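The values are calculated or read from the model by the stated rules, or taken from the named source; none is laboratory data. In this text the structure is predicted, and so the values were computed from the model without any measurement. As a convention, Cβ positions derive from the backbone with ideal geometry for all residues, glycine included, and neighbour counts pool all protein chains shown.
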């Protein structure tokens with residue numbers, strides 16, 4: 001079967017050398033198969049029937065669709081994702097747990113990860129974690145972590161991290177990353193201070209994480225801050241929160257004014 005690749009697909013392959021063997025296997029499969037044979041292959045799955053499909057092998061997932069032109073039907077390779085996580089928020093971890101049942105990941109019960117009891121995790125007492133004192137994690141001073149100045153992390157300007165333009169990171173179209181559709185998805189999930197589930201995250205790039213409501217509506221954007229945490233922006237790229245990583249491989253969520261407002265379980 002004939003195939004076409006998007007510019008974004010080519011760029012991602014170049015920047016993800018570990019995916020090249022899988023891409024080669026996929027291309028050889030496409031070239032030697034009909035559409036029906038391809039869709040029945042054991043490594044191919046349906047994301048949205050008639051719209052989007054995936055080929056997954058050796059830690060790499062390729063997203064593709066079909067189209068037609070004057071020369072007939074073709075396969076369009078749209079995007080790929082290397083599934084090996086680089087940080088806890090970039091991919092769901094099988095160790096993710098429910099804080100309502102597992103008190104070790106619930107700051108209300110585990111004082112080691114409660115900023116009211118462990119002041120090392122509290123930006124009001126630990127100046128390294130406080131954006132008012134540490135300009136490295138303050139997007140008002142560090143333009144590299146501010147999407148208003150860095151187009152690479154601005155979802156309005158970078159289509160690869162915009163779920164409206166990249167279906168692989170849109171849980172409304174990619175059901176494999178939607179916890180309402182994929183019941184085996186363990187997280188990461190976001191909770192309020194009462195341990196009520198408020199949302200989940202999806203990796204968009206090495207430094208950007210998308211925050212969705214439980215109904216899979218995009219709510220905010222999180223950007224790595226360089227010291228293991230994240231700065232969080234609303235959809236107008238206004239800074240709203242910052243996240244501090246804690247020893248149980250999760251995060252504590254603080255407002256811009258350093259008020260504790262929630263937590264993340266991986």
Return the pair list, or none, for Cβ contacts closer than 7 Å from residues in the range 1-17 that are assigned by TED's automatic domain parsing to the domain that holds residue 62 and over 20 Å from residue 73 (Cα atoms) to residues that are assigned to a helix (DSSP H, G or I) and modelled with pLDDT of 80 or more, at least 6 apart or on different chains. 8/160; 13/19; 13/20; 13/23
Mind checking whether some residue in the range 86-101 is at pLDDT 90 or above and farther than 30 Å from residue 195 by Cα? no
Would you check which residues across the range 145-164 are surrounded by fewer than 20 Cβ atoms within 10 Å (Cβ to Cβ) and either under 19 Å from residue 56 (Cα atoms) or touching a residue at least 60 places away in the same chain (Cβ under 8 Å) (or both) and list them? 146, 148, 154, 156, 159, 160
Answer with yes or no whether residue 28 is touching a residue at least 40 places away in the same chain (Cβ under 8 Å) and surrounded by fewer than 17 Cβ atoms within 10 Å (Cβ to Cβ). no
Please note which strands (runs of 3 or more DSSP E) are completely contained in the range 185-266 and include at least 2 residues that are more than 18 Å from the chain's Cα centre (by Cα). 239-246, 250-255, 260-265
Of the numbered conditions (1) touching a helix residue (DSSP H, G or I) at 6+ places or on another chain (Cβ under 8 Å); (2) buried (at least 16 other Cβ atoms within 10 Å of the Cβ); (3) within 28 Å of residue 54 (Cβ to Cβ), residue 167 satisfies every one except a single condition; which is it? (1)
